[in-house]
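Asks: My questions all concern the structure below.
The values are calculated or read from the model by the stated rules, or taken from the named source; none is laboratory data. Given the structure is predicted, the values throughout are model-derived calculations rather than measurements. Cβ placement follows ideal geometry from the backbone for every residue including glycine, while neighbour counts extend to all protein chains displayed.
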Amino acid sequence: MGLDDRLRGAMHDEGDETGTRAEPDVLRRRAQRTVRRRRMSLVASVVVVALATGVVIAQRRGGGASHLVALGPGLVQAPAGAQLLVSSVGRAAPDPTNVKALTTANSQFAFDLYHRLAAESPGKNLVFSPESISDALAMVYAGAHGTTATEIGKALHFDAVPAGGLGAAFNALSQELLAPRKAQDKGRKPLELSTGNSAWGQRGFVFEQAYLDTLARYYGTGLRLSDFVRDAERERLRINAYVAQQTDHRITNLLPPGIIDNMTRLVLVNTITFTADWRMPFLKQHTHTVAFTRIDGSHVNVPMMEQDESQEFDGYKGDQFVAARLPYEGGASMIVIVPDAGAFSTVEQKLDPTLVQQVTSGLTPGADVWLPKFDFRAHLDLRTTLGALGVREAFDPQRADFSGMSPSGLYVSDIVHEATIKVDEKGTKAAAATAAIMETTSGRIEQFIVHANRPFVYLIRDDATGAILFQGRVLDPTQH
């Protein structure tokens, strides 16, 4: 994929009826012809102006000329009427060199984050998307310098990726995850996975061109110009509407009232959606009401899906737990880990990439699977959580160093994440979004009984890369 499709679409000449997306050099020539033909026109329409700095400005014409303000080498400030600020640098071709190192780093961060969130949410179900959070924080990291960058790199394990290779690795992983999927079984529909980034910046605020180039080259987005200073609430609703559209209206209120104010200068957003059918669907007539045992020993009746005799899942027997792999059509799987009765806390504390690798590499046929239907969401404020993982300076207005984004002082005022998951006989629907808000300072050989009728942990993984798309736990399937 190239730059954000909607940004490209907005940069079409009004006379272009082909519907094709133009590349920067084409946009530049078209803009020059348009300016020559319609220099004095006052008709409201979209015009693209390619600047010598290598940044494309898409703006509304309403009279009067707009010019880039000369602020110094590498600095960009959009004209007052501009709507979009997009680097003319195209999205880089995928370079898989460091994808394995990145997925390993992201997986370690996923479990570090899981343990923190679980400790902060005793007795509650959990769902989050490690992939979405890592993507959003990678855009933050791209503009960080000094100790600010060091802390983020260490907490998210970005420092395990060879120096200078992180952006290219994220770009390659993203494009691999978004590659067309094929169903394993003829006539079946493959899973649908979409993920994307967006950046929302204060109109008139000064940004480093190198940072905009990075967003375009590795994260596939330009800068949507906003006016937080004059109407922060309008911009909050605008971003929420965008997130809702990108997540099929599963995430509709990512940014709660008051989280954006007139000091906000940049909001970095990632969205991800996942819709997949089980490769071996559960039959509704085999779903029965079964008692689910909570951690405290109490019971709650839940609709429990039971496999048909013709189904065969792979399973694994570990130390104080059993596990099963439930494949989706299209190259992803849910890994369900069910601790023995009374051993949930013990097993949960041991969860890490090594244990998951142990499970996935040791799977053998013969798992008899029960899985409850569940449907819930979580809205997480990650500032305290990330602080506990070592990200501190980024949140400090006096010490944060995001000079890679702008020469003006910026710090992270908040990071919020919302995720939702629904599991039933047909398959799984999940979605998540993350926002970083930045403000200015001014055949049964062996039988495994994998009955999830007690608390369990789950992961949704991409089979090819091992990327953990969603992760969580179910302590009570009736809890929403």
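Asks: Whether any residue in segment 393-411 is of a type in the set (S, T, N, Q), buried (at least 17 other Cβ atoms within 10 Å of the Cβ) and not in a strand (DSSP E or B) is what I want to check.
Replies: First pass over segment 393-411, keeping only residues of a type in the set (S, T, N, Q): 398, 403, 406, 408.
Checking the rest, the ones that are also buried (at least 17 other Cβ atoms within 10 Å of the Cβ) come to 403, 406.
Keeping just the survivors that are not in a strand (DSSP E or B) gives 403, 406.
Yes, segment 393-411 contains a residue that is of a type in the set (S, T, N, Q), buried (at least 17 other Cβ atoms within 10 Å of the Cβ) and not in a strand (DSSP E or B).
Asks: Can you tell me which of (1) closer than 30 Å to Ala142 by Cα; (2) not in a strand (DSSP E or B) is the one Asp296 doesn't meet?
Replies: Of (1) closer than 30 Å to Ala142 by Cα; (2) not in a strand (DSSP E or B), only one is false for Asp296: (1).
Asks: Which one is farthest from the chain's Cα centre (by Cα) among residues in segment 441-480 that are at pLDDT 90 or above and polar (S, T, N, Q)?
Replies: Filtering segment 441-480 for residues that are at pLDDT 90 or above and polar (S, T, N, Q), the one farthest from the chain's Cα centre (by Cα) comes out as Asn453.
Asks: Pick out the one residue from Leu326, Leu266 that is part of a strand (DSSP E or B), assigned by TED's automatic domain parsing to the domain that holds Ser361 and under 30 Å from Asp381 (Cα atoms).
Replies: Leu266 is the lone residue from the list that is part of a strand (DSSP E or B), assigned by TED's automatic domain parsing to the domain that holds Ser361 and under 30 Å from Asp381 (Cα atoms).
Asks: Let me ask something additional. Only one of these is within 21 Å of the chain's Cα centre (by Cα) and within 28 Å of Asp401 (Cα to Cα): Leu215, Leu126. Name it.
Replies: Leu215
Asks: Exactly one of (1) under 25 Å from Gly466 (Cα atoms); (2) touching a strand residue (DSSP E or B) at 6+ places or on another chain (Cβ under 8 Å); (3) of a type outside the set (Gly, Ala, Ser) is unmet by Gln202. Its number?
Replies: Only one criterion in (1) under 25 Å from Gly466 (Cα atoms); (2) touching a strand residue (DSSP E or B) at 6+ places or on another chain (Cβ under 8 Å); (3) of a type outside the set (Gly, Ala, Ser) is unmet by Gln202, namely (1).
Asks: Now a separate question. Just for segment 307-322: of the residues that are touching an Asp or Glu at 6+ places or on another chain (Cβ under 9 Å) and assigned to a strand (DSSP E or B), which one is farthest from Phe374 (Cα to Cα)?
Replies: Filtering segment 307-322 for residues that are touching an Asp or Glu at 6+ places or on another chain (Cβ under 9 Å) and assigned to a strand (DSSP E or B), the one farthest from Phe374 (Cα to Cα) comes out as Lys317.
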